[in-house]
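Notes for the one structure printed next.
The values are calculated or read from the model by the stated rules, or taken from the named source; none is laboratory data. Since the structure is predicted, the reported quantities are computational estimates derived from the model, not experimental observations. Here the Cβ is made from the backbone with ideal geometry for all residues, glycine too, and neighbour counts use every protein chain on show.
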Amino acid sequence: MKLSTTHRTIETIWRMESPKIIAGLTRMVRDVGLAEDLAQDALVIALDRWSDHNIPDNPGAWLMTTAKRRAIDHMRRNKLRDQKYREMAYTLDAYEENDKHLEEEIGDDLLRLIFMTCHPILSRDARVALTLRLLCGLTTDEIARSSLVAEPTIAQRIVRAKRTLSAEKVPFEVPVEELKDRLSSVLEVIYLMFNEGYSATSGQHWIRPLLCQEALRLGRVLAEIAVQEPEVHGLVALMELQSSRFKARVDSNGEPVLLMDQNRARWDHLLIRRGLTALERSRKLGQPLGPYAIQAAISACHAEARTATETDWIRIAALYEALSIVSPSPIVELNQAVAISMAFGPAFGLQMVDALQSETSLKGYYLLPSVRGDLLVKLGRLDEACMEFERAASMTKNEREKELLLKRAEEHRNKERLDYE
């Protein structure tokens, strides 16, 4: 059944606001599982009360206020100290009185929430799944698709992670003394958060700029805290450089514009300069480049090319080779195949992609047939390319991505008919 316009609007608002709400509630109740439940209560109330004509002017504030009231009611029912919930009630009243102060507070809460969910008591996979759920607002199905893991497995990880954090009473804080130990997990989560904003797993929009902006802001905060950590600066560089393309990544209708077709005059050159500066800062720390800094170096190759044809694909291919050594994965190999095809010809790239066809973890990963379709087009095998684009379209849950892939399939099918005639 199709969602109503109102429900789609609320769903969009929820994806934008839920991380802030859950972070604020976690600070209040000190239990991330309970915080998520209370936030969901506020969402249910919104679905019941809002309509096309009475969605509030500031829906995020409405949801936060409603959720905090639910939290206060919960604490009262559990007979917490009067002083405790009076303090919380004061926070609630102050929410509407001092928006600027609270936005800063919320920002701090988000960073605390990331460090909480990245506690070493949880496995790496559990940390990633829980944070994608809480900070990116992804469903278990979406997390499963982005992680290339079965949905029931993801659901179990999230439930167990929340129970563990609650049972162990993990503190809601940025642990300065343990910062280095948790840093790699925190960076991974911010990276995944940014990626979800840069290319949304599902929904009506190809990109979620606000999610990217929040990930970039958190990265900048970390760079001020962990000044001597090269990978922090590497990740910031990557996010700055990728963010510079936002205005060119979609057209006036919100349709995706692929990298090679983008108007580079619309790229944000201030963000490019910031990204290149952060990358240089990472290099100057004198350590071998890590995966984020290498990806930033790849992005820098694109940023420094005045036109698509001037892109140094040979250098990019070499950087992907380096990335495959420090951070091996089938997805890195797929990206490397693209770079190889651009540097040395599509036949070489196709050979690498075909070798990935049997990779179990890429089963259901829509970019594999999408990339294969691109390479087949360049080799003039249009009928096969159309089938690959259609297969990719059937795999993605992002509506814009699906439309683009089907459009490309139709264009090449029409071209093949004209060539035949």
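Here Ser341 clears all of (1) touching a His at 6+ places or on another chain (Cβ under 8 Å); (2) of a type in the set (Ser, Thr, Tyr); (3) closer than 24 Å to Glu411 by Cβ except the condition numbered (1).
The residues in the range 209-221 that are in contact (Cβ under 8 Å) with a residue 40 or more places away in the chain and either within 18 Å of Val232 (Cα to Cα) or in contact with a Phe, Trp or Tyr (Cβ under 8 Å, 6 or more places away or on another chain) (or both) can be counted, and the count is 5. Candidates in the range 201-229 are the residues that are basic (Lys, Arg) and part of a helix (DSSP H, G or I); of these, the one that is farthest from Asp108 (Cα to Cα) is Arg220.
Each row is one residue, and each column tells you yes or no for (1) crowded, with 17+ Cβ neighbours inside 10 Å; (2) of a type in the set (Lys, Arg); (3) on the phi > 0 side of the Ramachandran plot.
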site	(1), (2), (3)
Leu210	no, no, no
Ala223	yes, no, no
Glu229	yes, no, no
Leu241	yes, no, no
Arg245	yes, yes, no
Asp251	no, no, no
Leu270	no, no, no
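Looking at Ala300, Ala293, Ala278, Ala265, just one residue is at pLDDT below 95, small (Gly, Ala, Ser) and closer than 19 Å to Ser243 by Cβ, and that residue is Ala265. When the range 222-240 is limited to residues that are touching a residue at least 40 places away in the same chain (Cβ under 8 Å) and under 15 Å from the mean Cα position of the chain (by Cα), the one that is nearest to Glu188 (Cα to Cα) turns out to be Leu235. When residues in the range 336-362 are screened for being without any contact (Cβ under 8 Å) to a residue 24 or more places away in the chain, part of a loop (DSSP other than H, G, I, E, B) and of a type outside the set (S, T, N, Q), 1 of them pass. With a requirement of 2 or more residues that are under 27 Å from Ile225 (Cβ atoms) and modelled with pLDDT under 85, the helices (runs of 4 or more DSSP H) lying completely within the range 1-113 that satisfy it span 5-29, 82-97. Of everything listed in (1) loosely packed, with under 13 Cβ neighbours inside 10 Å; (2) part of a helix (DSSP H, G or I), the single unmet condition for Ala318 is (1).
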